[in-house]
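Undergrad: Before we start, here is the structure in question, set down as structure tokens.
Here, each number is a calculation from the coordinates, and none is a lab measurement. Since we're looking at a predicted model, the values are computed, not measured. Here the Cβ positions follow ideal geometry from the backbone for every residue, glycine too, while neighbour counts run over all protein chains shown.
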Amino acid sequence: MKASDLFIKALENEGVTFVFGIPGEENLDFLDSLSRSNIKLILTRHEQAAGFMAATYGRLTGKAGVCLSTLGPGATNLVTAAAYAQLGGMPMMMITGQKPVKRSKQGQFQIVDIVAMMEPLTKYTRQLVSGSNIPSRVREAFRLAQEEKPGAVHLEFPEDIAEEETKEPVIEASLVRRPIAESKSILAAVDRLQKAKHPLLIVGGGANRKLTCNMLRNFVDKFGIPFVTTQMGKGVVDERGPLFLGNAALSGGDFVHRAIDAADLIVNIGHDVVEKPPFFMRPGGVEVIHMNFSTASVDPVYFPQVEVVGDIANSVWQISELLEKQDSWDFSRFMEVRKHGELQLAEGADDDRFPIYPQRLVADVRKAVEDEGIIALDNGVYKIWFARNYKAHSPNSVMLDNALASMGAGLPSAMAAKLVHPQRSVTAVCGDGGFMMNSQELETAVRLNMHIVVVILRDNAYGMIKWKQANMGLRDFGLDYGNPDFVKYAQSYGAEGHRVNSAAELLPLLQKCHAEHAVHVIEVPVDYSENDQILNHDIKHRSAAI
């Protein structure tokens, strides 16, 4: 068979269902082979969006999402998505084309060393130099992409290799089980938990895996230990429960930090150094148990006393089997902090001011989204509002990026979520800046007949940076821009366009859009001038007073 046919068979062997991307002339054999496969090509309008979609597919399924580009400029457009997947722990494979490697037809035209470019951004990057290498290279790439910590991999497929003839068979995935934690580390963790007076769980992005979520829920229910989440740990345990103390959305000074300060033992589950630390360690201070698939990366503010290294779900189960609930545990301080935090979060949820008040925006989106519904956030200051105020009911139902924190991912991520979970409601929440970075994908969503809701928060500026500029006492300069009429812009792509003119209009409009199958775009004017009061002075002053 042709090498390109073998490549597609290798992808089918890995369970690939979608390939996201934009082919070029160097991919034409691959594209022809793909046309005879059950794998569906999702043709996008920009390679970066294809990468964001593939990464999100990987995040939601645990299986590497696949994206495709041509050589040169197509491949360089995947760089941001590669970093997005790599830092965020999302399994993704990038396939890029290349000119013939055995002979030159066009000199150095469009030639960039893509393999070298991808080296610092991926777990694995190789050029395919023979059709017979395809099965082993594909299998190794998928193995590494999906192995903890998941991330990005890359294969370059030159056009003369794609047209080679080969007789190689595909390689089946081996049966593999993740290593489990050694018993002495489990016993050390149990001993410290039983001796602690105020233990606290912090749940990070590494715990956002299906089996881990189930075990953690059981653990929290059995022992009643309160927990805090990082932004990428949202939803691992249902945040409506009475033991959820809040999300570490702010760097410091929020209510959750008062709870962390009151702990004498922190069990840090799935901690990843790419996220801002929810607490800082000091010599002689709080003890920390590090529980993760890999050992702790020690730095001046993180040096745990106990490391439980192995499959997290198994570690939680082992501890659960040996631990006994202690009468000496005292969570009263945590509950006091939770009470005040909940009161603060509720304030403003029905505020009628317009442009819309942050708490009102989040509350109305939460009311409109079903329990299992998914929201995908782009990057901006509103991400902090949603991390703090939006209660996640299930794992990976709040798709936000607190690793690379790239703008432009909100809409593509929402689209990928809808492909993975077509029966669940999906909402993208984007600032006007981030939305316009990949707004062309509205056409893709309309072409695919998707039912998604896109909320665009319009302030006609790079609002988060403008807010920080003002906080630093600097001149208001260089961050304002104009915007299209988003209603007409949506309609020009064949989507439904809506504009909110008062706070009272938002919730019924969201409910209407979730009920009617279409790509809905809702323009919502926002005013970031309240950020300083909401996110700085008010919260830090009141939380410090507890």
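Undergrad: Would you mind putting 400-408, 300-308 in packing order, based on average other-beta-carbon counts within 10 Å, highest first?
TA: Descending packing order for the listed peptides: 400-408, 300-308.
Undergrad: Kirkwood Rh over alpha-carbon pairs of the chain, then Stokes-Einstein at 20 °C and 1.002 mPa s: what D in µm² s⁻¹, rounded to an integer?
TA: 87 µm²/s
Undergrad: Ok, one more. Using 0.36 nm times the number of residues separating Leu175 and Asp480, minus their current alpha carbon distance, what extension gain do you get?
TA: This chain segment gains 104.3 nm when fully extended.
Undergrad: Next question. Please report, in debye to the nearest 20, how large the charge dipole of segment 360-432 is about its Cα centre when each Lys and Arg carries +1 at its beta carbon and each Asp and Glu carries -1 there.
TA: 180 debye
Undergrad: Below 20 Å, Cα to Cα, which aspartates and glutamates can Lys418 reach? Residues fewer than 8 away in the same chain don't count.
TA: Glu47, Glu370, Asp371, Glu372, Asp378, Asp401, Glu441, Glu443, Glu496, Glu516
Undergrad: May I pose another question? Taking Rh as the Kirkwood radius, which is the inverse of the mean 1/r over Cα pairs, what is the Rg/Rh value for segment 347-537?
TA: Over the Cα atoms of segment 347-537, Rg/Rh equals 0.94.
Undergrad: Let me ask something additional. Once you have a ≥ b ≥ c as the square roots of the Cα gyration tensor eigenvalues for segment 124-186, tell me rounded if a/c is under 1.5, and otherwise prolate or oblate according to whether a/b is larger than b/c.
TA: Taking the square roots of the gyration eigenvalues as a ≥ b ≥ c, segment 124-186 is prolate.
Undergrad: What base-10 log of the normalised intensity I(q)/I(0) is obtained for segment 1-125 from the Debye formula, alpha carbons as equal point scatterers, at q = 0.16 Å⁻¹?
TA: With one equal scatterer per Cα and no solvent, log10 I(q)/I(0) is -0.75.
Undergrad: Just to confirm the filter: which trypsin sites (Lys or Arg not before Pro) across segment 278-359 are DSSP coil and have at most 15 other Cβ within 10 angstrom of their Cβ?
TA: Hits after loop and neighbour filter: Lys325, Arg353.
Undergrad: Nothing charged except the Cβ atoms of Lys and Arg (+1) and of Asp and Glu (-1): what's the magnitude of the dipole of segment 233-300 about its Cα centre? Round to the nearest 20 debye.
TA: 100 debye
Undergrad: OK, next. Could you sort 138-149, 120-131 so that the peptide with the highest average Cβ count within 10 Å comes first and the rest follow in order?
TA: 138-149, 120-131
Undergrad: Put a dot 7 Å past each Cα toward the Cβ at Lys40 and Glu25; how far apart are the dots in nm?
TA: That separation, rounded to one decimal, is 3.2 nm.
Undergrad: Turning to a different aspect of this structure: Quote the charge dipole size of segment 297-398 about the Cα centre in Debye, to the nearest 20; the model charges only the Cβ of Lys and Arg (+1) and of Asp and Glu (-1).
TA: Result for segment 297-398 is approximately 360 debye, rounded to the nearest 20.
Undergrad: For the chain, what is the mean residue ellipticity at 222 nm derived from helices alone (per DSSP H run of n ≥ 4: -39500 (n - 2.57); sum divided by total residues; nearest 500 deg cm²/dmol)?
TA: Calculated mean residue ellipticity at 222 nm is -11000 deg cm²/dmol.
Undergrad: While we're on this one: Among 370-377, 499-506, 94-101, how do they line up by average Cβ neighbours within 10 Å per residue, starting with the highest?
TA: 94-101, 370-377, 499-506
Undergrad: Continuing with the same structure: For segment 198-244, with the dipole built from +1 on Lys and Arg beta-carbon atoms and -1 on Asp and Glu ones, taken about the Cα centre, which of Pro199, Phe223, Thr212 lies farthest toward the positive end?
TA: Towards the positive end, the residue furthest out is Thr212.
Undergrad: Further question on the same structure: How much length is gained if the chain between Asp264 and Asp352 is pulled fully straight, taking 0.36 nm per residue apart and subtracting their Cα-Cα distance, in nm to one decimal?
TA: Between Asp264 and Asp352, full extension yields 27.5 nm more.
Undergrad: What does the extension gain come out to for Lys367 and Val487, with contour length at 0.36 nm per residue minus their alpha carbon separation?
TA: Gain on extension, Lys367 to Val487, equals 40.8 nm.
Undergrad: What FRET efficiency would be calculated for the residue pair Ala188, Arg240, taking the C-beta separation as r and a Förster radius of 35 Å, to the nearest 0.05?
TA: Calculated transfer efficiency: 0.60.
Undergrad: Label-point separation (nm) for Arg424 and Ser132, each offset 7 Å from Cα along Cα-to-Cβ?
TA: So the two model labels end up 4.5 nm from each other.
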